[in-house]
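Accompanying notes for the structure given below.
The values are calculated or read from the model by the stated rules, or taken from the named source; none is laboratory data. What you are looking at is a predicted structure, and each value in this text was computed from that prediction instead of being measured. Note that we place each Cβ from the backbone using ideal geometry, even for glycine, and neighbour counts take in every protein chain shown.
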Amino acid sequence: MCGIFATSRDIADLENLTEFLWRRGPDATNHLNYRGISFVHTLLSMTGKLTIQPFIDGEKDLVAFFNGEIYNYLEFGDYESDGQCILPLYETLGPDFIPLLDGEYTLAVFDFSKDLMIISTDIFSTKPLWFAIDNGEFALGSYVSSLHRHGFENAEQIPANTTRLYTISTLELIEERTVWDFDLTQHKTTFEDWNKAFENAIRKRTSGIKHGIFIGLSSGYDSGAIACELARQNVPFTAYSIVGSENPDTIQQRFSLLENTEYIELTRERFLKARNHLKAYCEEYTLRIDNGEQDQYDRLAVEYREVCATLDELEPIYRELNDPEVTDRVRINRNNKALLEKRMVRVQETIEFRRTGQMLTDDNGAIGMSHICGVGRERGELIYISGSGADEIFSDYGYQGIKHFRHSTIGGHFIADISKYFPWKNFFDNTQRAYLMKEEHVSGSHGVEGRYPFLDREVVQEFLWLSPELKNMHYKAPLHQYMELHNYPFDQSTKVGFNCGFSSSREDYVEKVSTERTVGETNDQTLIVDFSQWGEVHPLGEI
């Protein structure tokens, strides 16, 4: 993990510009100017020799730098560090080299001889990348604070799966292309290839490393599968679990199978200390999640208009009619109108809060993660193997067409032609982006690198290739069958959100015990997906 920044404006105050950026790369900070562009790179050396960036080929007038990891760099040559493959690949293939990279990264290449600037995320934008143009000048960087402090107010976070080509001289957008296009043919009838892909995803993220590894272990699916495979591959790691936030029986069963484990008692004092760390050292980020409130508001608004129309029709005449039935209708609709007005106000407040008020450094999950990262950092464990992405890819927060949360599109049910709704809202964006950025910003504030095996290109592709029958066999079917295959304990058919023992309110933090729900069940009709929009029937029939 590193931090990157580049701009066509001169940098006067490097320390201020990199206040948060350098924490992503505390091993070294390099600042240089090439052809009128300032490049800043902060390094956290994870694999190979310590390699200062940017990479420069003065003879060919090329500059490149990147943030993250390229796991397959040795396929392209005998390089001492992963980023060294970027310029040789570009010289051979031009922008077409990017889909060949297997990793978690953002990168930029400047070809001054061709007046070409290339910026790119990886498939899921696991590493942040911001970009801005102002009065013929540009800036790009890992953190938006660097752009803001350099006078670029209208910065954009580059979407996931995006490569852009600009002219350097005029900053004209030449082309925008995807990094990778998934094949949606659902033709595989066993989990065998998915299991191999997952094994490889763990192997590539734990090979040739300089630092220790840790995970946050819950009683659920995602971290359980990761812990199981790390142990199967004899990878040294520490599993941390927060007391009171998980099923203790399952955690104890898992601890009995692992070598290095630790229960963390997150007292209020420790919780607030972790929050103070974030407030002081973490890049702020607004967690913008569309949780379906706008759809809910729109439905309420339709109902409200219908009620108002009924009252407009009946109120002028109901006294004259002196009909008890009509009078009762007026009374009921007046009550409904008042109730709907209150509900609409509450939903609108929630929409506004989600748009502007969900600050990362106030999030209870981010604070709990900050404490775990701090413990790992103190022990030289600088690699965090994260379960992020499993909810978004394997279930979309639901099962059998029933949503856990309103932001789900498909409720965990996969139809015969998934192109009808691919990519679903959380696949690249929404919760995927918000939770990845939460992990990146929190871990980055501790100089810890997050790695994401469930967002491995082959893991995701092998999942998409599974037949609908396999996908729908169980909640998070690949993980369910994987842990059954290896006789690994897990809480079946339950969904427990991460809980550090405290829940945030508008004013303070209150103690909270985790609650679990059985997947695929609800009494709320609004959480049942309407499959008729895709010409399908609900998997459970009429419910």
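Structure notes:
- Enumeration of residues in region 418-451 that are in contact (Cβ under 8 Å) with a residue 12 or more places away in the chain and over 29 Å from residue 209 (Cα atoms): 418, 419, 420, 421, 422, 424, 425, 426, 427, 429, 430, 431
- Among the candidates 77, 103, residue that is free of Cβ contacts under 8 Å to residues at least 24 places away in the same chain, in the same structural domain as residue 21 (by TED's automatic domain parsing) and not aromatic (Phe, Trp, Tyr): 77
- Being at positive phi, at pLDDT 95 or above and buried (at least 21 other Cβ atoms within 10 Å of the Cβ) is a description that does not apply to residue 450.
- Counting the residues of region 267-304 that are of a type in the set (S, T, N, Q), over 17 Å from residue 526 (Cβ atoms) and without any contact (Cβ under 8 Å) to a residue 60 or more places away in the chain gives 2.
- If you check 418, 410, 402 for being among the β-branched types (Val, Ile, Thr) and surrounded by fewer than 22 Cβ atoms within 10 Å (Cβ to Cβ), only one passes: 418.
- Residues being touching a residue at least 24 places away in the same chain (Cβ under 8 Å), acidic (Asp, Glu) and out of contact with any helix residue (DSSP H, G or I) (no Cβ under 9 Å at 6 or more places or on another chain) - total across region 106-150: 2
For every residue, the table says whether it meets (1) outside the structural domain of residue 472 (by TED's automatic domain parsing); (2) within 19 Å of residue 479 (Cβ to Cβ); (3) not acidic (Asp, Glu).
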position: 126; (1), (2), (3): yes, no, yes
position: 146; (1), (2), (3): yes, no, yes
position: 161; (1), (2), (3): yes, no, yes
position: 168; (1), (2), (3): yes, no, yes
position: 185; (1), (2), (3): yes, no, yes
position: 208; (1), (2), (3): no, no, yes
position: 222; (1), (2), (3): no, yes, no
position: 226; (1), (2), (3): no, yes, yes
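- The residues of region 150-176 that are more than 12 Å from residue 119 (Cβ to Cβ), surrounded by 18 or more Cβ atoms within 10 Å (Cβ to Cβ) and not aliphatic (A, V, I, L, M), listed by number, are 150, 152, 161.
Results for (1) of a type in the set (Gly, Ala, Ser); (2) touching a residue at least 40 places away in the same chain (Cβ under 8 Å); (3) closer than 26 Å to residue 397 by Cβ, shown as yes or no for each residue.
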residue: 176; (1), (2), (3): no, no, no
residue: 195; (1), (2), (3): no, yes, yes
residue: 212; (1), (2), (3): yes, yes, no
residue: 225; (1), (2), (3): yes, yes, yes
residue: 233; (1), (2), (3): no, no, no
residue: 242; (1), (2), (3): no, yes, yes
residue: 246; (1), (2), (3): no, yes, yes
residue: 259; (1), (2), (3): no, no, no
residue: 265; (1), (2), (3): no, no, no
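- Identity of the residue in region 52-74, in a loop (DSSP other than H, G, I, E, B) and not small (Gly, Ala, Ser), that ends up farthest from the chain's Cα centre (by Cα): 59
- Considered as a group, the residues in region 241-264 that are of a type outside the set (Ser, Thr, Tyr) and part of a loop (DSSP other than H, G, I, E, B) include one that is modelled with the lowest pLDDT, and that residue is 244.
- Take the conditions (1) at pLDDT 95 or above; (2) over 30 Å from residue 130 (Cα atoms); (3) not aliphatic (A, V, I, L, M); residue 298 misses just one of them, which is (1).
- Unmet requirement for residue 89, which otherwise passes all of (1) in contact with a Ser or Thr (Cβ under 7 Å, 6 or more places away or on another chain); (2) surrounded by fewer than 24 Cβ atoms within 10 Å (Cβ to Cβ); (3) not basic (Lys, Arg): (1)
- Leading residue by the ranking (farthest from residue 104 (Cα to Cα)) among those in region 379-404 that are in contact with a Lys or Arg (Cβ under 6 Å, 6 or more places away or on another chain) and not hydrophobic (A, V, I, L, M, F, W, C): 404
- Taking region 149-219 and the strands (runs of 3 or more DSSP E) fully enclosed by it, no element has 3 or more residues that are within 22 Å of the chain's Cα centre (by Cα) and within 20 Å of residue 107 (Cα to Cα).
- Cβ pairs under 9 Å, 6+ apart, first in region 53-72 and on the phi > 0 side of the Ramachandran plot, second surrounded by fewer than 17 Cβ atoms within 10 Å (Cβ to Cβ) and part of a loop (DSSP other than H, G, I, E, B): 61/35; 61/113; 61/114
- Restricting 306, 325, 259 to those that are over 23 Å from the mean Cα position of the chain (by Cα), in the same structural domain as residue 224 (by TED's automatic domain parsing) and loosely packed, with under 14 Cβ neighbours inside 10 Å reduces the list to 259.
- Residues in region 214-240 that are among the polar types (S, T, N, Q) and modelled with pLDDT of 95 or more: 223, 233, 234, 238.
- In region 1-51, counting only strands (runs of 3 or more DSSP E) that sit wholly within it, the ones holding 2 or more residues that are under 24 Å from residue 137 (Cβ atoms) and of a type in the set (A, V, I, L, M, F, W, C) span 2-7, 37-43.
- In region 308-390, counting only helices (runs of 4 or more DSSP H) that sit wholly within it, the ones holding 2 or more residues that are touching a His at 6+ places or on another chain (Cβ under 7 Å) span 364-378.
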